[in-house]
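Worksheet: one structure, shown below.
Read-outs throughout are calculated quantities, based only on the coordinates presented, and are distinct from any laboratory measurement. Everything quoted here is computed from the prediction, not taken from an experiment. Reconstructed Cβ throughout: ideal geometry from the backbone, glycine too, with neighbour counts over all protein chains shown.
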Amino acid sequence: MTFRVIAGPCAVESEEQIDRLAAKVASTGVRWLRAGAWKPRTSATSFQGLGRLGCEYAARAARRHDLKLVTEVLDVRDAEWAAQHIDVAQIGARNMHNVPLLREVARSFDAILLKRSNSATLDEWSGAVGYVLEQNPNVRLIVCERGLRGFDPSLRNQLDLAGALLMKLRHPDLEVFVDPSHATGRAELVRPLVRAVKAAGLDGALIEVHDAPTDALCDGEQAIDLETLTAIVSEVGA
Ligand code: PEP
Ligand code: MN
């Protein structure tokens with residue numbers, strides 16, 4: 001199977017922003033766009049995303065530029081509606097243990113990207129896989145390591161590459177991805193880590209990209225620019 005890169009902004013910020021970024025992402029050869037419409041933020045006063053409207057903007061942009069759309073679904077009440085707009089539903093790290101959401105998303109979607117919680121053991125992550133597959137045995141399931149909570153604030157999280165590899169050994173039929181953006185919180189570490197993920201034999205990477213990272217409404221410090229995305233695609237494919 002070829003190595004797959006999913007790339008795009010942390011969040012949909014406006015209709016113009018997501019259309020512009022979708023065009024730029026498509027021009028690098030990447031075929032799958034990530035874009036958050038519902039943002040699970042630590043603070044209630046941070047930007048929460050544009051919700052259904054953002055989802056509609058992202059869906060239009062993805063269609064216009066012939067991209068598949070990966071967007072996090074945060075609330076069971078949005079799952080059925082979102083399935084009309086999104087190709088791949090992301091279950092975020094904070095919701096890996098949310099069984100009603102796992103079940104509802106599994107019922108509504110035929111492709112899901114399931115992140116590992118920042119404190120989940122592999123058994124707990126596998127447990128979440130089990131809830132999805134029990135509801136929808138035919139789902140295309142991608143699991144994604146995105147870093148664990150560690151002791152060192154130099155990095156946002158600690159990337160558990162070995163854990164991702166062990167997950168692949170335990171579940172050879174699943175696609176195992178790594179998200180180096182949330183795993184590190186640092187844009188300059190993303191490109192070498194994508195090379196490491198491919199060299200390790202895993203299936204793909206989920207990457208945050210922005211054309212004006214310092215103006216991004218969330219996670220700008222970990223967003224790579226389009227030149228770096230182009231370099232990544234030339235190194236690992238798309
Ligand atoms: C994201 O991908 O934008 C995100 C919120 O990720 P996580 O759930 O891994 O924090
Ligand atoms: Mn983010």
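Quick notes on this structure:
- Across region 138-223, the fraction of Cα-Cα pairs farther apart than 19 Å, rounded to a whole number, is 39%.
- Once you reduce region 123-149 and region 190-238 to the center of their Cα atoms, the two points are 23 Å from each other.
- Taking the number of Cβ atoms within 10 Å of each Cβ as an exposure proxy, the fewest-first ranking of S108, S27 is S27, S108.
- Note that region 111-164 shows a convex hull volume over its alpha carbon atoms of 72 Å³ per residue.
- Using just its DSSP H runs of length 4 or more, each adding -39500 (n - 2.57), the chain gives a mean residue ellipticity at 222 nm of -12000 deg cm²/dmol after division by all residues.
- Residues whose amide H comes within less than 5 Å of that of E175, counting only those at least five positions distant or on another chain, are L141, V143 (H built at 1.01 Å from N in the peptide plane).
- When the Gaussian network model of the chain links Cα atoms closer than 10 Å, the mean-square fluctuations of L33, L189, L206 top out at L189.
- Simple Cβ-charge dipole of the chain, Lys/Arg +1 and Asp/Glu -1, about Cα centre, in debye nearest 20: 280 debye
- Bridge type composition, the chain - antiparallel percent by DSSP, nearest 5: 5 percent
- Per-selection Kirkwood Rh - the chain (Cα, Å, 1 d.p.): 17.4 Å
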